[in-house]
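For reference, the structure discussed in these notes is given below.
Each reported figure results from applying straightforward, stated rules to the coordinates on display, with no laboratory input. Since the model is a prediction, treat every value here as computed from it, not as a measurement. Quick reminder, even Gly has a Cβ in these numbers, built from the backbone with ideal geometry, and neighbours come from all protein chains shown.
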Amino acid sequence: MKFRPLHDRVVVRRLNPEEKTTGGIIIPDTAKEKPMEGEVVAVGPGARNEKGELVVLDLKAGDRILFGKWSGTEVKLDGEELLIMKESDVMGIIEGQPAAKKKAA
């Protein structure tokens with residue numbers, strides 16, 4: 001299935017954090033919180049300003065981002081859990097690291 005977000009919305013895939021701490025302690029599933037890091041899957045064309053001009057988004061597919069804990073709406077597309085959120089819900093882009101291929105369960 002193809003999905004194209006509208007306006008200034010983005011589709012995000014949550015990325016799993018490391019299973020161990022830097023000290024080697026394994027974190028059990030029950031103690032984990034939902035990740036606040038993700039990979040942008042798709043972006044909308046942008047929002048319109050007061051003059052009716054299209055303002056293009058700063059995000060693009062493949063960007064690794066940080067977002068707020070309660071940001072976005074969870075949806076299931078083709079059996080995969082994704083988030084749809086506005087660009088303003090994104091706190092920033094993580095640069096210098098490729099997005100991990102692990103997805104949240």
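Please give the contour-minus-distance gain from residue 94 to residue 51: 0.36 nm per residue of separation, less the Cα-Cα distance, rounded to one decimal in nm.
Working: separation 43, 0.36 × 43 = 15.48 nm, distance 3.18 nm.
Full extension from residue 94 to residue 51 adds 12.3 nm.
Once the other residues with Cβ under 11 Å from the Cβ of residue 94 are scored (Lys, Arg +1; Asp, Glu -1), what is the net sum? Before the final figure, lay out the partial values.
On the way: positive: 64; negative: 37, 39, 63, 95.
Its environment carries a net charge of -3.
For the pair residue 75 and residue 61, how long in nm is the line joining their label points, each one 7 Å along Cα→Cβ?
Taking the simple label geometry, residue 75 and residue 61 are separated by 1.5 nm.
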